[in-house]
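Student: Supplied in structure tokens, the structure appears directly below.
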Amino acid sequence: MYEPIKPHILTRVGHTARALATAVFASALVFSTSGDAVAQDYPEMTLKFGHPYNEAHPLALGAQKFADTVNERSGGNITIQLFPNGTIGSSRDLVEQMRIKVVDIALVPTTNVASFYPKLDIFYLPFIFRDREHAYAVSDGEVGQGLFEDMRGQIGIRTLGMYESGFRTITTRDKKIETPDDMKGVKFRVVNNPLNVATFAALGANPTPMALSEVFTGLQQGTVDGQDNPVGNVKAFGFDKVQNNITLSNHQWAGIMFLVNDKKFSDFPPEVQELLVTVAKETQDWEREEINRVEAQYLTEMEADGMTVTRLSPEQAKAFQDKMATVWEEYSDKLGPDLIEAVVNTQ
């Protein structure tokens, strides 16, 4: 199932993506010879930007960088009001609020947006991505851009970029996880998405959906014994303080979508649209570099503080992959074999 097969990109996806790319790049900001944007009159506005990450997380730093850059380049006319830490709602709440224009911009994991646009579950099929570069190629290329454009038409939310929090790991309080059988019976927090529930049910765990903001307390009080998150989240949210083991399973890549209400965006003057698109792309690239830079540092710190780090061999990783194959079977018809094939064969 996981071996690359003959590439096949749906014509609709390819044409849509090329049209979208043409529209974005055809209208670039004009730059002066000094490299700064040419001064122009931006309308005064305040945009509400929510996300679930604490201020020290690279994702939150990327959002802050976006806010600061937009404010600077607009001559102070555009203010991005940041609401971190889930202060105005969970990831799912943010999508719902964005659809009714209560929130203007948000960072939301693909798996949460998939509740509103199910095709995004493709990003969370276990082990579908070979590495980060493969995930970037899918997200930034024809397949991803085609999906995002289709999503915009269906649910009224536009994707300006894809930040990331990295590949997901497994953490537990008492039990070291080296094989799929080690997960049997573990009370395990998962993202509130049926695919994530199915992924860990396939391992024999007892999956419990829970919002990210509730996970630390759940782990601390023993409501759940473990959870899965990228290394950056484990460190930033303090899960390492209430978990003794981390297994670098890399079973799913956590793309974090940079979203904006499409109707509101479409009503912005062209210069505002271009500014938001340009800065979203710049901070996307910055955030990806930053999360990769700090991940090794976080692991070193957690290990030094006494956390047991388990690095799976290729054979061990394949055992998890094989056990989770039932999720591919369950979601093949839902996602469509052509879409799965397109992702697998993206270079």
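Student: Find the residue count for segment 309-347, including only residues that are assigned to a helix (DSSP H, G or I), under 18 Å from residue 230 (Cα atoms) and open to solvent by less than 30 Å² (accessible area, probe 1.4 Å). Working first, answer last.
Tutor: Residues of segment 309-347 assigned to a helix (DSSP H, G or I): 314-323, 325-335, 337-344.
Checking the rest, the ones that are also under 18 Å from residue 230 (Cα atoms) come to 317, 320-321.
From what's left, open to solvent by less than 30 Å² (accessible area, probe 1.4 Å): 317, 320.
Selection size over segment 309-347: 2.
Student: Also, quick follow-up: Kindly list the number of the only condition in (1) outside any strand (DSSP E or B); (2) touching a residue at least 60 places away in the same chain (Cβ under 8 Å); (3) of a type outside the set (Asp, Glu) that fails for residue 256.
Tutor: Status for residue 256: all satisfied but (1).
Student: From the set of residues in segment 135-165 that are under 30 Å from residue 235 (Cα atoms) and of a type in the set (Gly, Ala, Ser), which is surrounded by the fewest Cβ atoms within 10 Å (Cβ to Cβ)?
Tutor: Only one residue fits best here, namely 137.
Student: Pairs please, first residue from segment 308-327 and over 26 Å from residue 235 (Cβ atoms), second anywhere and of a type in the set (S, T, N, Q) and surrounded by fewer than 18 Cβ atoms within 10 Å (Cβ to Cβ), Cβ atoms under 8 Å, 6+ apart in sequence or on different chains.
Tutor: 319/179
Student: Taking segment 192-233, which residues are of a type outside the set (Ser, Thr, Tyr), part of a helix (DSSP H, G or I) and without any contact (Cβ under 8 Å) to a residue 60 or more places away in the chain?
Tutor: The answer is 194, 197, 200, 201, 214, 215, 216, 218, 219, 220, 221.
Student: Another question about this same structure. Here are the criteria: (1) open to solvent by 40 Å² or more (accessible area, probe 1.4 Å); (2) in a helix (DSSP H, G or I); (3) over 26 Å from residue 126 (Cα atoms). Tell me which single one residue 306 does not satisfy.
Tutor: Checking residue 306 against (1) open to solvent by 40 Å² or more (accessible area, probe 1.4 Å); (2) in a helix (DSSP H, G or I); (3) over 26 Å from residue 126 (Cα atoms), the one that fails is (2).
Student: Could you tell me whether any residue of segment 289-297 is open to solvent by 10 Å² or more (accessible area, probe 1.4 Å) and over 30 Å from residue 217 (Cβ atoms)?
Tutor: yes
Student: Right, another one. Is it the case that segment 131-138 has a residue that's under 23 Å from residue 287 (Cβ atoms), in a loop (DSSP other than H, G, I, E, B), at pLDDT 95 or above and not aliphatic (A, V, I, L, M)?
Tutor: First pass over segment 131-138, keeping only residues under 23 Å from residue 287 (Cβ atoms): 131-138.
Narrowing further to those that are in a loop (DSSP other than H, G, I, E, B): 131.
Within this subset, residues satisfying the condition of being at pLDDT 95 or above are 131.
Imposing the further condition that a residue be not aliphatic (A, V, I, L, M) reduces the set to 131.
Yes, that holds for at least one residue.
Student: Could you grab me the full set of residues in segment 42-96 that are among the β-branched types (Val, Ile, Thr) and over 12 Å from residue 283 (Cβ atoms)?
Tutor: Matches in segment 42-96: 46, 78, 79, 87, 88, 95.
Student: Would you be able to tell me the number of residues in segment 93-118 that are surrounded by fewer than 18 Cβ atoms within 10 Å (Cβ to Cβ), in a helix (DSSP H, G or I) and not acidic (Asp, Glu)?
Tutor: 2
The values are calculated or read from the model by the stated rules, or taken from the named source; none is laboratory data. This is a predicted model, so every value here is computed, not measured. Positions of Cβ are generated from backbone atoms using ideal geometry, with glycine treated the same way; all protein chains shown enter the neighbour counts. Surface areas here come from the heavy atoms of the whole protein model, side chains and all, with no ligands, DNA or RNA. Shrake-Rupley method; radii C 1.70, N 1.55, O 1.52, S 1.80 Å.
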